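Trainee: Pasting in a structure now, in structure tokens, and then I'll have a few things to ask.
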Amino acid sequence: MQLIAKGLQEETLRAMLEAGVVREVLVSRHDDKWGLAIRLGGAGSRWLPVRSRREALRTWASLTAVGRFAESLGMKNFSVEL
């Protein structure tokens with residue numbers, strides 16, 4: 001599936017959240033930045049990273065910034081992996 005290889009753009013993530021198909025959200029460190037990924041299925045399904053239009057992985061400078069982004073999309077909770 002091509003979506004898995006490339007990740008999700010923000011517009012697609014927003015639509016999936018509105019449809020209620022996102023099961024888990026994970027925020028993790030990538031060097032000195034933070035990234036966000038979602039999982040649609042259960043424990044055996046793949047994580048889909050959120051990407052920007054230019055980068056394969058959208059990153060944020062702080063966990064607070066990721067939290068503001070998540071809140072703007074209506075996410076109720078997410079897990080953080082340090």
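The values are calculated or read from the model by the stated rules, or taken from the named source; none is laboratory data. A quick note: this is a predicted structure, and the numbers were derived from the prediction, not measured. So basically every Cβ, Gly included, is an ideal-geometry build from the backbone, and we count neighbours across all protein chains shown.
Conditions tested, residue by residue: (1) assigned to a strand (DSSP E or B); (2) among the acidic types (Asp, Glu); (3) loosely packed, with under 12 Cβ neighbours inside 10 Å.
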| residue | (1), (2), (3) |
| --- | --- |
| Thr12 | no, no, no |
| Met16 | no, no, no |
| Val21 | no, no, yes |
| Ile38 | yes, no, no |
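Trainee: For region 60-82, enumerate the residues that are surrounded by fewer than 19 Cβ atoms within 10 Å (Cβ to Cβ), in contact (Cβ under 8 Å) with a residue 12 or more places away in the chain and of a type in the set (Val, Ile, Thr).
Mentor: If the condition is that a residue be surrounded by fewer than 19 Cβ atoms within 10 Å (Cβ to Cβ), in contact (Cβ under 8 Å) with a residue 12 or more places away in the chain and of a type in the set (Val, Ile, Thr), then Val80 is the only one that fits.
Trainee: Same structure again: Of the numbered conditions (1) at pLDDT 90 or above; (2) surrounded by fewer than 12 Cβ atoms within 10 Å (Cβ to Cβ); (3) outside any loop (DSSP other than H, G, I, E, B), Ala5 fails exactly one; give the number of that condition.
Mentor: Only one criterion is unmet by Ala5, namely (1).
Trainee: What residue, among those in region 40-82 that are assigned to a strand (DSSP E or B) and touching a Gly at 6+ places or on another chain (Cβ under 9 Å), is nearest to Val21 (Cα to Cα)?
Mentor: Filtering region 40-82 for residues assigned to a strand (DSSP E or B) gives 48-51, 59-60, 79-81.
Now restrict to residues that are touching a Gly at 6+ places or on another chain (Cβ under 9 Å): 48-51, 59-60.
Values: Leu48: 13, Pro49: 15, Val50: 15, Arg51: 18, Thr59: 23, Trp60: 24 Å.
My answer is Leu48.
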